[in-house]
Amino acid sequence: MSATILSSAAPPNVTPLLSAVSEPLPRKLWTRDEYYLAAEQGVFDGQRVELIEGEIISMAPQSSEHFSGIQFVSRVLKRVLPPDCHVRQQGPLQVSEVSEPEPDFCLVRGAEDDYVKAHPTSALLVVEVANTSLEFDRKLKPHLYAEAIVPEYWVLDLLNRQLHVFRGPLADAAAPGGHRYETSQTIQADGIVSPLAVPDATICVQEMLPNR
């Protein structure tokens, strides 16, 4: 889904005013505590948002193709799910004090009850289903999930009908946010992928792609 910065300096309803100012304004980066407080006060009512590197990001409504992709990925992940794990769908991941993305899928250890009091801070696998958000999911979010030490990150590319696989999170002072993945690979629709968390499982990329 598409991602848009609402504002880093004021609530969403004043964004048009900010964009009309030619001189750059001082930017306030949000913390998770401030983000939660704003949500409790109704600042984001009626909007789907996430906190990325201190910015409030608006997520566009889901297209039918995007929603179908989510259903297909859910079906596949649940089929290969390890016994000591579960899948969180579009739930928050607490990466840092200034980032709390809501990926389409997180494969995490333990049961649902283990996360009643707090969201997970990492995962075995994160999956984003991307059409209009493809550039955002491929270029920015890998650094974010590498920071959370997620061993493997997938972007299901609905536009080009392929899967982008990122593996091996590591610290790199030259990378955005100071983290990146060591390797990346693009697998075509007729290709096979085996999650690091379930190396004996084989998934055909086509299984996760909606028919056109």
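The values are calculated or read from the model by the stated rules, or taken from the named source; none is laboratory data. Computed from a predicted model, the values in this text were never measured in an experiment. Don't worry about glycine lacking a Cβ; one is built from the backbone with ideal geometry, like all the others, and counts go over all protein chains shown. Note: areas computed on protein heavy atoms with side chains; ligands, DNA, RNA excluded. Shrake-Rupley method; radii C 1.70, N 1.55, O 1.52, S 1.80 Å.
Examine the stretch 144-151 for a residue that is under 23 Å from S96 (Cβ atoms), surrounded by fewer than 18 Cβ atoms within 10 Å (Cβ to Cβ) and of a type in the set (V, I, T), and state whether such a residue exists.
So far as the stretch 144-151 goes, yes, one or more of its residues are under 23 Å from S96 (Cβ atoms), surrounded by fewer than 18 Cβ atoms within 10 Å (Cβ to Cβ) and of a type in the set (V, I, T).
Can we say L158 is buried (at least 18 other Cβ atoms within 10 Å of the Cβ), out of contact with any Cys (no Cβ under 9 Å at 6 or more places or on another chain) and more than 25 Å from P210 (Cα to Cα)?
It is false that L158 is buried (at least 18 other Cβ atoms within 10 Å of the Cβ), out of contact with any Cys (no Cβ under 9 Å at 6 or more places or on another chain) and more than 25 Å from P210 (Cα to Cα).
Just one of the numbered conditions (1) surrounded by 15 or more Cβ atoms within 10 Å (Cβ to Cβ); (2) closer than 26 Å to E55 by Cβ is not true of A173; which one?
So A173 meets the others, but not (1).
Can we say R79 is at pLDDT 90 or above, surrounded by fewer than 19 Cβ atoms within 10 Å (Cβ to Cβ) and within 30 Å of L209 (Cβ to Cβ)?
yes
Does Q71 meet the test of being touching a helix residue (DSSP H, G or I) at 6+ places or on another chain (Cβ under 7 Å) and without any contact (Cβ under 8 Å) to a residue 24 or more places away in the chain?
When the stated conditions are applied, Q71 does not pass them.
For the stretch 40-59, name all the residues that are of a type in the set (D, E, K, R) and either closer than 24 Å to V116 by Cα or open to solvent by 30 Å² or more (accessible area, probe 1.4 Å) (or both).
Step one: list which residues in the stretch 40-59 are of a type in the set (D, E, K, R), which gives 40, 45, 48, 50, 53, 55.
The answer is E40, D45, R48, E50, E53.
List pairs: first residue in the stretch 178-202 and without any contact (Cβ under 8 Å) to a residue 12 or more places away in the chain, second residue open to solvent by less than 80 Å² (accessible area, probe 1.4 Å) and not in a loop (DSSP other than H, G, I, E, B) anywhere in the structure, Cβ distance under 8 angstrom, at least six positions apart or on different chains.
Correct list of pairs: S194/I203; T202/V193.
Given the residues Q71, Q62, which is the only one that is open to solvent by 10 Å² or more (accessible area, probe 1.4 Å) and at pLDDT 95 or above?
Working: Q62 fails: at pLDDT 95 or above.
Testing whether each residue is open to solvent by 10 Å² or more (accessible area, probe 1.4 Å) and at pLDDT 95 or above leaves just Q71.
Among G177, G191, which is the only one that is touching a Ser or Thr at 6+ places or on another chain (Cβ under 9 Å) and not aliphatic (A, V, I, L, M)?
G177
Cβ contacts < 6 Å: first residue farther than 11 Å from T186 by Cα and in contact (Cβ under 8 Å) with a residue 24 or more places away in the chain, restricted to the stretch 147-160; second residue part of a strand (DSSP E or B) and open to solvent by 10 Å² or more (accessible area, probe 1.4 Å), any location; separation 6+ or different chain. Result?
These pairs meet every condition: E147/H179; I149/P169; E152/R167; Y153/F166.
List every residue pair whose Cβ atoms sit under 9 Å apart, with the two residues 6 or more apart in sequence or on different chains, where the first one lies in the stretch 107-126 and is within 14 Å of P82 (Cα to Cα) and the second, anywhere, is assigned to a helix (DSSP H, G or I) and open to solvent by 40 Å² or more (accessible area, probe 1.4 Å).
V108/D114; V108/Y115
For the subset of the stretch 192-212 comprising residues that are hydrophobic (A, V, I, L, M, F, W, C) and under 20 Å from the mean Cα position of the chain (by Cα), which member is nearest to R109 (Cα to Cα)? Quick ask: steps written out before the conclusion?
In the first step, residues of the stretch 192-212 are kept if they are hydrophobic (A, V, I, L, M, F, W, C); the result is 192-193, 196-198, 201, 203-205, 208-209.
Filter once more, keeping what is under 20 Å from the mean Cα position of the chain (by Cα): 193, 196-197, 205, 208-209.
On the way: V193: 21, L196: 14, A197: 10, V205: 24, M208: 22, L209: 26 Å.
Step by step, filter the stretch 192-212, then rank; the result is A197.
Being of a type in the set (G, A, S) and either touching a residue at least 40 places away in the same chain (Cβ under 8 Å) or within 21 Å of P61 (Cα to Cα) (or both) is the filter here, so list the residues in the stretch 127-146 that pass it. It would help to see each step written out before you state the result.
Within the stretch 127-146, the subset of a type in the set (G, A, S) is 130, 133, 146.
Listed by number, the residues that qualify are A130, S133.
Go through the stretch 143-201 and tell me which strands (runs of 3 or more DSSP E), entirely inside it, have 1 or more residues that are on the phi > 0 side of the Ramachandran plot. Let's see the steps before the verdict.
Working: elements: 152-157, 162-171, 179-188.
Qualifying strands (runs of 3 or more DSSP E): 162-171.
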